[in-house]
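To start, the structure under review is shown below, and the notes come after it.
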Amino acid sequence: MTDSDKIYQSILASKQAGRKKMAVLIDPDKLRLSNIDKTIKHAVDANVDYFFIGGSLIVNNMLDDCLGAIRKVCDIPMILFPGNAFQLSYRADAILFLSLISGRNAELLIGKHVITAPYLKMSPLEILSTGYMLIDGGVPTTVSYVSNTQPIPGNKKDIALCTALAGEMLGLKMIYMDAGSGAEVPISEEMIDTVSSAINIPLIVGGGIQTPEKAKANAKAGADVVVVGNALEKNPSLVLEMAEAIHSCNPVVNT
Ligand code: 1GP
(Lines give C-alpha, C1' and ligand atoms only; values in the text may rest on other atoms or scores of the structure.)
Protein backbone atom coordinates (compact mmCIF):
# COMPACT_ATOMS: atom_id res chain seq x y z
CA MET A 1 0.00 0.00 0.00
CA THR A 2 1.28 3.50 -0.79
CA ASP A 3 0.10 6.71 0.78
CA SER A 4 -1.52 7.63 -2.52
CA ASP A 5 -4.18 4.92 -2.25
CA LYS A 6 -4.50 4.56 1.51
CA ILE A 7 -8.23 5.23 1.71
CA TYR A 8 -9.11 2.94 -1.19
CA GLN A 9 -7.04 0.12 0.28
CA SER A 10 -8.83 0.52 3.62
CA ILE A 11 -12.24 0.36 1.91
CA LEU A 12 -11.14 -2.71 -0.03
CA ALA A 13 -9.72 -4.45 3.04
CA SER A 14 -12.95 -3.78 4.95
CA LYS A 15 -15.03 -5.17 2.10
CA GLN A 16 -12.93 -8.33 2.02
CA ALA A 17 -13.27 -8.73 5.80
CA GLY A 18 -17.03 -8.05 5.72
CA ARG A 19 -16.65 -4.88 7.80
CA LYS A 20 -19.34 -2.34 6.96
CA LYS A 21 -18.55 1.38 6.90
CA MET A 22 -20.64 4.47 7.45
CA ALA A 23 -20.12 7.78 5.69
CA VAL A 24 -21.76 10.98 6.90
CA LEU A 25 -22.60 13.33 4.05
CA ILE A 26 -22.24 16.99 4.86
CA ASP A 27 -23.57 19.50 2.37
CA PRO A 28 -21.83 22.72 3.42
CA ASP A 29 -24.61 24.75 1.87
CA LYS A 30 -27.32 23.28 4.00
CA LEU A 31 -25.67 23.62 7.39
CA ARG A 32 -24.58 26.74 9.19
CA LEU A 33 -21.15 26.39 10.79
CA SER A 34 -22.66 26.00 14.29
CA ASN A 35 -24.74 23.04 13.06
CA ILE A 36 -21.75 21.59 11.25
CA ASP A 37 -19.86 21.58 14.56
CA LYS A 38 -22.71 19.69 16.22
CA THR A 39 -22.96 17.19 13.37
CA ILE A 40 -19.20 16.60 13.42
CA LYS A 41 -19.12 16.10 17.20
CA HIS A 42 -21.87 13.48 17.10
CA ALA A 43 -20.23 11.76 14.13
CA VAL A 44 -16.89 11.54 15.96
CA ASP A 45 -18.63 10.14 19.06
CA ALA A 46 -20.38 7.58 16.83
CA ASN A 47 -17.05 6.42 15.28
CA VAL A 48 -18.21 7.01 11.74
CA ASP A 49 -15.71 5.94 9.11
CA TYR A 50 -15.77 8.74 6.54
CA PHE A 51 -17.06 12.21 5.89
CA PHE A 52 -18.34 12.84 2.39
CA ILE A 53 -18.40 16.57 1.71
CA GLY A 54 -20.36 18.07 -1.12
CA GLY A 55 -23.66 18.93 -2.68
CA SER A 56 -25.16 19.38 -6.11
CA LEU A 57 -24.90 23.13 -5.79
CA ILE A 58 -22.47 24.80 -3.49
CA VAL A 59 -23.50 28.43 -3.58
CA ASN A 60 -21.60 29.80 -0.63
CA ASN A 61 -18.01 29.58 0.47
CA MET A 62 -18.36 27.03 3.22
CA LEU A 63 -16.40 24.13 1.72
CA ASP A 64 -13.00 25.07 3.19
CA ASP A 65 -14.56 26.14 6.52
CA CYS A 66 -16.33 22.80 6.74
CA LEU A 67 -13.16 20.80 6.02
CA GLY A 68 -11.25 22.93 8.53
CA ALA A 69 -13.88 22.36 11.23
CA ILE A 70 -13.67 18.58 10.78
CA ARG A 71 -9.86 18.43 10.74
CA LYS A 72 -9.69 20.53 13.92
CA VAL A 73 -11.38 17.77 15.92
CA CYS A 74 -10.62 14.42 14.26
CA ASP A 75 -8.64 12.43 11.68
CA ILE A 76 -11.65 10.77 10.05
CA PRO A 77 -10.96 10.78 6.28
CA MET A 78 -12.66 13.63 4.42
CA ILE A 79 -13.72 12.64 0.92
CA LEU A 80 -15.00 15.23 -1.54
CA PHE A 81 -18.27 14.28 -3.21
CA PRO A 82 -18.33 17.04 -5.81
CA GLY A 83 -21.52 18.17 -7.51
CA ASN A 84 -19.43 19.99 -10.08
CA ALA A 85 -15.86 20.57 -11.23
CA PHE A 86 -15.44 23.63 -9.02
CA GLN A 87 -15.97 21.85 -5.73
CA LEU A 88 -12.33 21.06 -5.10
CA SER A 89 -10.16 21.71 -2.08
CA TYR A 90 -6.68 20.54 -1.13
CA ARG A 91 -7.79 20.38 2.48
CA ALA A 92 -9.66 17.12 1.86
CA ASP A 93 -7.98 13.71 1.84
CA ALA A 94 -9.58 12.23 -1.26
CA ILE A 95 -12.11 12.88 -3.98
CA LEU A 96 -14.78 10.68 -5.50
CA PHE A 97 -13.91 11.08 -9.18
CA LEU A 98 -17.40 10.33 -10.40
CA SER A 99 -18.45 9.18 -13.81
CA LEU A 100 -22.25 9.29 -14.10
CA ILE A 101 -22.59 5.88 -15.73
CA SER A 102 -26.37 5.67 -15.30
CA GLY A 103 -26.72 8.69 -17.62
CA ARG A 104 -25.85 9.48 -21.21
CA ASN A 105 -24.50 12.98 -20.69
CA ALA A 106 -21.00 12.92 -22.17
CA GLU A 107 -19.88 15.87 -20.04
CA LEU A 108 -20.52 13.88 -16.84
CA LEU A 109 -19.18 10.63 -18.23
CA ILE A 110 -15.80 12.08 -19.34
CA GLY A 111 -16.00 15.80 -20.29
CA LYS A 112 -15.58 17.45 -16.87
CA HIS A 113 -12.94 14.87 -16.00
CA VAL A 114 -10.72 16.06 -18.84
CA ILE A 115 -10.94 19.61 -17.48
CA THR A 116 -10.17 18.66 -13.87
CA ALA A 117 -7.56 15.93 -14.50
CA PRO A 118 -4.48 18.23 -14.70
CA TYR A 119 -5.50 20.02 -11.51
CA LEU A 120 -6.06 16.71 -9.70
CA LYS A 121 -2.75 15.34 -10.99
CA MET A 122 -0.95 18.14 -9.13
CA SER A 123 -3.09 17.88 -6.03
CA PRO A 124 -2.35 15.79 -2.95
CA LEU A 125 -5.87 14.32 -3.10
CA GLU A 126 -6.33 10.56 -3.38
CA ILE A 127 -8.41 9.90 -6.49
CA LEU A 128 -11.22 7.40 -6.01
CA SER A 129 -12.56 6.66 -9.49
CA THR A 130 -16.19 5.76 -9.01
CA GLY A 131 -19.07 4.73 -11.24
CA TYR A 132 -21.98 6.86 -10.07
CA MET A 133 -25.46 5.43 -10.63
CA LEU A 134 -28.57 7.47 -9.96
CA ILE A 135 -31.53 5.31 -9.01
CA ASP A 136 -35.06 6.71 -9.04
CA GLY A 137 -35.96 7.67 -5.49
CA GLY A 138 -39.55 8.74 -6.10
CA VAL A 139 -38.87 12.48 -6.43
CA PRO A 140 -36.93 14.42 -9.07
CA THR A 141 -33.50 15.13 -7.55
CA THR A 142 -31.22 18.09 -8.02
CA VAL A 143 -28.64 15.75 -9.54
CA SER A 144 -30.97 14.42 -12.22
CA TYR A 145 -32.15 17.96 -13.04
CA VAL A 146 -28.66 19.47 -13.15
CA SER A 147 -27.13 16.51 -15.00
CA ASN A 148 -30.02 16.33 -17.45
CA THR A 149 -30.12 12.55 -17.10
CA GLN A 150 -32.74 10.00 -16.20
CA PRO A 151 -32.19 7.83 -13.16
CA ILE A 152 -32.44 4.04 -13.43
CA PRO A 153 -35.98 3.01 -12.42
CA GLY A 154 -36.03 1.66 -8.86
CA ASN A 155 -37.53 -1.67 -9.94
CA LYS A 156 -35.09 -2.34 -12.81
CA LYS A 157 -32.52 -4.47 -11.02
CA ASP A 158 -31.16 -5.82 -14.28
CA ILE A 159 -30.32 -2.39 -15.66
CA ALA A 160 -28.55 -1.56 -12.39
CA LEU A 161 -26.69 -4.87 -12.52
CA CYS A 162 -25.50 -4.45 -16.12
CA THR A 163 -24.52 -0.81 -15.53
CA ALA A 164 -22.45 -1.70 -12.45
CA LEU A 165 -20.81 -4.61 -14.28
CA ALA A 166 -19.87 -2.35 -17.18
CA GLY A 167 -18.42 0.17 -14.73
CA GLU A 168 -16.31 -2.52 -13.10
CA MET A 169 -15.15 -3.84 -16.50
CA LEU A 170 -14.13 -0.31 -17.50
CA GLY A 171 -11.79 -0.28 -14.52
CA LEU A 172 -13.69 1.97 -12.13
CA LYS A 173 -12.68 1.21 -8.55
CA MET A 174 -16.06 1.56 -6.82
CA ILE A 175 -19.76 1.81 -7.61
CA TYR A 176 -21.96 4.39 -5.86
CA MET A 177 -25.70 3.75 -6.15
CA ASP A 178 -27.55 6.88 -5.07
CA ALA A 179 -31.28 7.58 -4.87
CA GLY A 180 -30.36 11.26 -4.34
CA SER A 181 -30.38 13.33 -1.20
CA GLY A 182 -33.79 13.36 0.45
CA ALA A 183 -35.15 10.58 -1.77
CA GLU A 184 -38.65 9.51 -0.78
CA VAL A 185 -37.92 5.90 -1.65
CA PRO A 186 -34.44 4.61 -0.82
CA ILE A 187 -32.80 1.94 -2.97
CA SER A 188 -34.35 -1.49 -2.37
CA GLU A 189 -32.42 -4.24 -0.65
CA GLU A 190 -33.19 -6.46 -3.66
CA MET A 191 -31.37 -4.09 -6.00
CA ILE A 192 -28.44 -3.75 -3.58
CA ASP A 193 -28.20 -7.54 -3.26
CA THR A 194 -28.36 -8.05 -7.04
CA VAL A 195 -25.59 -5.56 -7.74
CA SER A 196 -23.31 -6.44 -4.81
CA SER A 197 -23.49 -10.15 -5.63
CA ALA A 198 -22.27 -9.48 -9.16
CA ILE A 199 -19.36 -7.10 -8.66
CA ASN A 200 -16.06 -7.47 -6.84
CA ILE A 201 -15.39 -3.78 -6.24
CA PRO A 202 -16.76 -1.90 -3.20
CA LEU A 203 -20.39 -0.74 -3.33
CA ILE A 204 -21.46 2.58 -1.80
CA VAL A 205 -25.19 3.11 -1.24
CA GLY A 206 -27.07 6.26 -0.21
CA GLY A 207 -30.10 8.45 -0.68
CA GLY A 208 -33.18 8.67 1.52
CA ILE A 209 -31.95 6.47 4.37
CA GLN A 210 -33.90 7.75 7.34
CA THR A 211 -33.71 5.00 9.95
CA PRO A 212 -31.04 2.80 11.55
CA GLU A 213 -33.09 -0.24 10.47
CA LYS A 214 -32.85 0.70 6.79
CA ALA A 215 -29.15 1.52 7.14
CA LYS A 216 -28.53 -1.92 8.64
CA ALA A 217 -30.69 -3.67 6.03
CA ASN A 218 -28.64 -2.01 3.27
CA ALA A 219 -25.38 -3.16 4.85
CA LYS A 220 -26.74 -6.70 5.19
CA ALA A 221 -27.93 -6.65 1.57
CA GLY A 222 -24.38 -5.92 0.40
CA ALA A 223 -23.60 -2.21 0.73
CA ASP A 224 -19.97 -1.82 1.84
CA VAL A 225 -20.33 1.87 2.67
CA VAL A 226 -23.69 3.33 3.71
CA VAL A 227 -24.08 7.10 3.24
CA VAL A 228 -26.45 9.19 5.36
CA GLY A 229 -26.94 12.94 5.06
CA ASN A 230 -30.43 14.38 5.12
CA ALA A 231 -31.69 12.49 8.17
CA LEU A 232 -28.77 13.86 10.20
CA GLU A 233 -29.36 17.42 9.08
CA LYS A 234 -32.73 17.14 10.82
CA ASN A 235 -31.45 15.19 13.82
CA PRO A 236 -27.64 15.13 14.23
CA SER A 237 -27.69 12.75 17.23
CA LEU A 238 -29.33 10.03 15.10
CA VAL A 239 -25.84 9.30 13.78
CA LEU A 240 -25.09 7.33 16.96
CA GLU A 241 -27.85 4.79 16.29
CA MET A 242 -27.15 4.77 12.55
CA ALA A 243 -23.46 3.96 13.02
CA GLU A 244 -24.21 1.36 15.66
CA ALA A 245 -26.73 -0.35 13.38
CA ILE A 246 -24.30 -0.45 10.43
CA HIS A 247 -21.33 -1.57 12.53
CA SER A 248 -23.44 -4.25 14.22
CA CYS A 249 -23.18 -6.22 10.94
CA ASN A 250 -19.41 -6.53 11.40
CA PRO A 251 -17.78 -9.83 12.34
CA VAL A 252 -16.87 -10.05 16.03
CA VAL A 253 -13.13 -9.82 16.56
CA ASN A 254 -11.83 -11.97 19.45
CA THR A 255 -9.01 -10.26 21.31
C1 1GP B 1 -27.02 11.73 -1.40
O2 1GP B 1 -26.42 9.48 -0.93
C3 1GP B 1 -26.48 10.75 -0.41
O4 1GP B 1 -26.19 11.88 -2.49
C5 1GP B 1 -27.19 10.83 0.91
O6 1GP B 1 -28.58 10.97 0.78
O7 1GP B 1 -29.03 12.99 2.15
O8 1GP B 1 -30.89 11.42 1.56
O9 1GP B 1 -29.13 10.75 3.21
P10 1GP B 1 -29.45 11.56 1.99
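The values are calculated or read from the model by the stated rules, or taken from the named source; none is laboratory data. These figures come from a predicted structure and were not determined experimentally. Cβ placement follows ideal geometry from the backbone for every residue including glycine, while neighbour counts extend to all protein chains displayed. In case anyone asks, the SASA skips ligands and DNA or RNA and just uses the protein heavy atoms, side chains included. Shrake-Rupley method; radii C 1.70, N 1.55, O 1.52, S 1.80 Å.
Collect the residues in the stretch 104-143 that are in a loop (DSSP other than H, G, I, E, B) and under 15 Å from Gly207 (Cβ atoms), keeping them in residue-number order.
Result: Asp136, Gly137, Gly138, Val139, Pro140, Thr141.
Scan the stretch 75-103 for residues that are surrounded by 12 or more Cβ atoms within 10 Å (Cβ to Cβ), more than 21 Å from Tyr8 (Cα to Cα) and not hydroxyl-bearing (Ser, Thr, Tyr) and report the count.
Residues flagged as surrounded by 12 or more Cβ atoms within 10 Å (Cβ to Cβ), more than 21 Å from Tyr8 (Cα to Cα) and not hydroxyl-bearing (Ser, Thr, Tyr) within the stretch 75-103 amount to 3.
Residue-wise test of (1) surrounded by fewer than 24 Cβ atoms within 10 Å (Cβ to Cβ); (2) at pLDDT below 95; (3) within 23 Å of Asn155 (Cα to Cα).
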{"site": "Leu172", "(1), (2), (3)": "yes, no, no"}
{"site": "Met177", "(1), (2), (3)": "no, no, yes"}
{"site": "Asp193", "(1), (2), (3)": "yes, no, yes"}
{"site": "Val205", "(1), (2), (3)": "no, no, yes"}
{"site": "Ala217", "(1), (2), (3)": "yes, no, yes"}
{"site": "Ala245", "(1), (2), (3)": "yes, no, no"}
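Does at least one position in the stretch 129-141 carry a residue that is away from the ligand (no atom under 16 Å from the Cβ), at pLDDT 95 or above and out of contact with any Gly (no Cβ under 8 Å at 6 or more places or on another chain)?
No - not one qualifying residue is present in the stretch 129-141.
Identify, please: which residue in the stretch 104-142 is under 18 Å from the mean Cα position of the chain (by Cα) and polar (S, T, N, Q) and is, among those, most open to solvent (accessible area, probe 1.4 Å)?
So, considering only residues that are under 18 Å from the mean Cα position of the chain (by Cα) and polar (S, T, N, Q), the one most open to solvent (accessible area, probe 1.4 Å) is Thr142.
Just name the residue that is farthest from the ligand (Cβ to nearest atom) out of those in the stretch 154-179 that are among the aliphatic types (A, V, I, L, M) and under 14 Å from Gly222 (Cβ atoms).
Applying the filter and picking the extreme gives Leu161.
Kindly indicate whether Ile7 is assigned to a helix (DSSP H, G or I) and within 17 Å of the chain's Cα centre (by Cα).
Judged against the criteria, Ile7 is a match.
Filtering the stretch 180-191 down to residues that are open to solvent by 60 Å² or more (accessible area, probe 1.4 Å) and within 15 Å of the ligand (Cβ to nearest atom), which residue is farthest from Gly167 (Cα to Cα)?
The extreme case among them is Glu184.
Filter the stretch 217-231 down to the residues that are over 10 Å from the mean Cα position of the chain (by Cα) and within 10 Å of the ligand (Cβ to nearest atom) and list them by number.
Asn230, Ala231
From the list Thr211, Thr194, which one is more than 10 Å from the ligand (Cβ to nearest atom), touching a helix residue (DSSP H, G or I) at 6+ places or on another chain (Cβ under 9 Å) and closer than 19 Å to Ile26 by Cα?
Going through Thr211, Thr194 in turn, the sole match is Thr211.
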